[in-house]
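Student: Quick one: the structure is below, and I'll ask about it shortly.
The values are calculated or read from the model by the stated rules, or taken from the named source; none is laboratory data. What you see is a predicted model; the values in this text were computed from it and never measured. So basically every Cβ, Gly included, is an ideal-geometry build from the backbone, and we count neighbours across all protein chains shown. Remember, those area values only see protein heavy atoms, side chains included, never the ligands or the DNA or RNA. Shrake-Rupley method; radii C 1.70, N 1.55, O 1.52, S 1.80 Å.
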Amino acid sequence: MSPRIHRAIVSIATMMATFLVILDVTIANVALDHMRGTLSAGVDEITWVLTSFLVANAISLPITGWLTDLLGRKRLFILATVAFTITSAAAGAAPSLAFIVIARLLQGLAGGPLVPLSQATMMETFPARQRGMAMAIWGIGIMFAPIIGPTLGGWITDNWSWRWVFYINVPFGAAAVLLAWLFISESTTERPAVRRVDVPGLVLLVLGVGALQFVLDRGQREDWFASSLIVWLSVVAAAALILLVVRELRTAEPVVDLRVLRHPTFAVATAAMFVISIAFYGIMVLSPLYTQILMAYTAMLAGLVLAPGGVATLVTMPIAGALMNRIDPRWIIVTGCGFNAYGMYLMATLTLEASYWQIMLPRFIQGLGIGFTFVPLSTVALSAVPMRELGHASGLFNFIRTVGGSLGIATVATLLARGSQAHQARLVGHVSLYEPHVWDRYQTLVGLFAARGADPVTAERQAWAHLYEMVQRQALFLSFIDNFWLLAWIFVAVIPFVLFLGRWPRMAETPRDVDRHAAVVEG
């Protein structure tokens with residue numbers, strides 16, 4: 001078999017597993033109400049189907065390197081894919097809420113390592129001059145899955161059953177296992193197997209990351225620090241993570257190898273990805289809410305607003321990968337940040353009378369930016385690390401990306417709600433019948449409701465209710481605008497990070513050249 005065909009099959013196997021894991025973060029969202037009815041669960045209870053998966057996924061991500069040292073990359077990839085497939089089937093067959101929550105918890109634990117493992121496998125399989133394109137192929141699953149997830153989940157739930165949201169993983173997971181078994185080679189650059197388990201580090205990781213992910217996922221719903229549960233979990237998260245850092249920097253065989261951050265280019269690129277993830281996932285939350293709440297779009301039409309951005313990302317990722325060997329990646333990343341910032345600027349200048357095309361265009365531009373940002377940033381980050389440390393670096397890189405995404409979602413949700421309250425308090429002060437334009441509007445509304453058959457008292461009450469709804473809508477709109485401006489400035493703020501990245505040398509041609517390659521990057 002030619003090397004090109006072999007690399008193509010490895011790409012399919014790794015992409016398939018990565019796509020399924022990322023897809024499962026979003027595909028189940030739209031099926032929650034159907035699950036709630038089938039499993040006789042309350043609204044707050046059914047959200048544990050999502051929370052359990054996210055918490056477990058966040059816990060297992062950073063220990064991927066340690067698990068790789070323990071089991072070997074190929075063996076771990078196959079075992080994790082098998083476990084993910086089996087737990088997906090279990091979640092689909094769940095007879096009760098407790099059963100599906102446990103299945104989703106195990107599914108998240110199994111799925112966490114698959115994302116960094118697939119990234120590390122692609123980096124090792126492709127020669128250095130093709131790693132930009134390899135990251136473009138890998139990134140398609142990372143970026144496209146959360147875009148298609150809600151739409152696909154809704155279609156499956158409406159036409160089949162919510163259980164097929166999980167059953168659909170089984171045939172694809174089985175195919176990924178078979179391809180991995182036959183075609184993924186054993187890594188020749190792994191570090192020696194670990195001799196002992198870092199139990200204190202593992203306990204601190206579970207406590208710290210689990211508590212942090214719970215706080216970010218449930219904080220807004222629990223009104224943040226007004227809840228004693230959120231306060232205590234925040235204390236636990238902060239204390240455990242600080243102790244984890246101290247512990248892992250002192251032990252010889254850490255469960256999370258933070259020493260990979262000694263490579264300046266990797267550290268700076270990881271910080272940049274953290275900031276970009278905050279903004280990217282914030283956009284993924286704000287865009288559908290803006291169209292559905294303020295513009296009264298259906299779920300399908302809101303999805304059509306997001307779809308062009310996803311297509312733009314799919315188009316630009318291979319372009320960015322091809323440009324990696326021709327242009328300094330820093331300028332590609334700066335271009336991507338510029339596209340993202342401009343897209344958010346256009347969103348921040350929209351009005352409530354905006355057409356579909358006026359809303360779709362910023363999303364399309366932002367999709368272009370994501371393609372030009374994600375691929376070169378991932379490639380530069382991991383190319384700065386010796387191949388023997390790639391598993392640890394990829395796990396940490398993707399963990400930071402995931403935490404940044406969770407923080408972005410929590411931040412924009414909180415700012416949107418509290419910003420709306422602040423704008424509403426300000427606007428209400430201007431709604432007075434002593435204001436001529438308010439009085440005219442009030443009289444018009446009273447006449448309108450009276451013409452529809454309401455008595456005078458009811459017509460006045462309806463007019464006031466309508467004015468209040470207008471104030472609420474305008475306040476929410478202003479809060480959206482504030483958030484779009486914030487996201488635009490976040491992308492602008494990333495640019496100085498990018499300028500501190502080391503140049504990406506293109507002389508390395510094979511995986512065996514990576515240590516020399518990393519030394520050049522750091523030098």
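Student: Over the chain, what is the relative contact order in whole percent, taking alpha-carbon pairs under 8 Å and six or more residues apart?
Tutor: Taking the mean separation of contacting Cα pairs over the length of the chain, I get 21 percent.
Student: Another question about this same structure. Taking the mean number of other Cβ atoms within 10 Å as a proxy for protection, how do you rank 470-480, 10-20 from highest to lowest? List each step's numbers first, then the result.
Tutor: On the way: 470-480: 18.2, 10-20: 23.0.
Final packing ranking: 10-20, 470-480.
Student: Now, a different point. Return the label of the correct value of P(r) over Cα pairs in 20 Å bins from 0, in percent, as calculated from the structure shown, out of (i) 19, 42, 28, 11, 0; (ii) 20, 49, 25, 5, 0; (iii) 21, 54, 20, 5, 0.
Tutor: So the calculated entry is the one marked (iii).
Student: Got a sec? Charge dipole of the chain, +1 on Cβ for Lys and Arg, -1 for Asp and Glu; which of Thr18, Gly391, Phe477 is way out at the positive end?
Tutor: Most positive-ward Cα: Gly391.
Student: How charged is the neighbourhood of Phe166? Take every other residue with its Cβ under 10 Å from the Cβ of Phe166, and add Lys/Arg as +1 and Asp/Glu as -1.
Tutor: Working: positive: Arg104, Arg163; negative: Asp24.
Neighbourhood net charge equals +1.
Student: Need one number: nm distance between label points at Thr298 and Trp357, each 7 Å from Cα along Cα→Cβ, rounded to one decimal.
Tutor: 2.2
Student: If you don't mind, another one. For segment 308-439, restrict the atom set to alpha-carbon positions and state the Rg and Dmax in Å.
Tutor: Just the Cα atoms of segment 308-439 yield Rg and Dmax of 20.8, 74 Å.
Student: Along the three principal axes, how long is segment 1-156 when you take its alpha carbons, biggest first, rounded to the nearest angstrom?
Tutor: 53, 34, 25
Student: Sticking with this structure for a sec: Can you tell me the dipole magnitude for the chain around its Cα centre, using point charges on the Cβ only (Lys, Arg +1; Asp, Glu -1), in Debye to the nearest 20?
Tutor: 1240
Student: For labels at Ala450 and Leu427 in the simple 7 Å Cα→Cβ model, what's the distance in nm?
Tutor: 2.7
Student: How large, in percent, is the carbon and sulfur part of the accessible surface of the chain at a probe radius of 1.4 Å?
Tutor: For the chain, the apolar C and S fraction of the accessible surface comes to 69 percent.
Student: May I pose another question? Translational diffusion coefficient of segment 293-333 at 10 °C, 1.306 mPa s, Stokes-Einstein with Kirkwood Rh over Cα pairs, in µm²/s as a whole number.
Tutor: Roughly 128 µm²/s, to the nearest whole number.
Student: Using only the alpha carbon atoms of segment 214-272, find the Kirkwood hydrodynamic radius as the inverse mean reciprocal pair distance, in angstroms to one decimal.
Tutor: Roughly 13.6 Å, rounded to one decimal.
Student: Can you give the FRET efficiency to the nearest 0.05 for Ile102 and Trp164, using r as the Cβ-Cβ distance and R₀ = 30 Å?
Tutor: 0.90
Student: Suppose every Lys and Arg Cβ carries +1 and every Asp and Glu Cβ carries -1, with no other charges. What dipole size does segment 1-104 come out with about its Cα centre, to the nearest 20 debye?
Tutor: Value, rounded to 20: 600 debye.
Student: Within the chain, which is the longest segment containing none of the GluC sites (Glu not before Pro) that sit in a DSSP loop and have at most 11 other Cβ atoms within 10 Å?
Tutor: 1-185
Student: Mind giving me the nanometre distance, one decimal, between the label points for Ile242 and Leu70, set 7 Å out from Cα along Cα→Cβ?
Tutor: 2.8
Student: Go ahead and run the numbers for FRET between Arg326 and Val199, Cβ-Cβ distance against an R0 of 51 Å, rounding to 0.05. Mind showing how you got there, number by number?
Tutor: Working: r = 49 Å, r/R0 = 0.95.
E between Arg326 and Val199, to the nearest 0.05, is 0.55.
Student: Bins of 10 Å, beginning at zero and ending with the bin holding the largest distance: percent of Cα pairs per bin for segment 190-344, please.
Tutor: 9, 22, 26, 28, 14, 1
Student: Could you state the accessible area per residue of the chain in Å², with a 1.4 Å probe and every protein chain left in place? If you can, show how the numbers build up before the last one.
Tutor: Values: 21950 Å² over 523 residues.
I get 42 Å² per residue for this part.
Student: Highest mean first, how do 234-246, 305-317 rank when packing is the count of other Cβ atoms within 10 Å averaged over residues?
Tutor: Sorting 234-246, 305-317 by mean packing, highest first, produces 305-317, 234-246.
Student: What is the calculated FRET efficiency for Met470 to Ala417, with r their C-beta to C-beta distance and R₀ = 25 Å, to the nearest 0.05?
Tutor: After rounding to 0.05, the efficiency reads 0.85.
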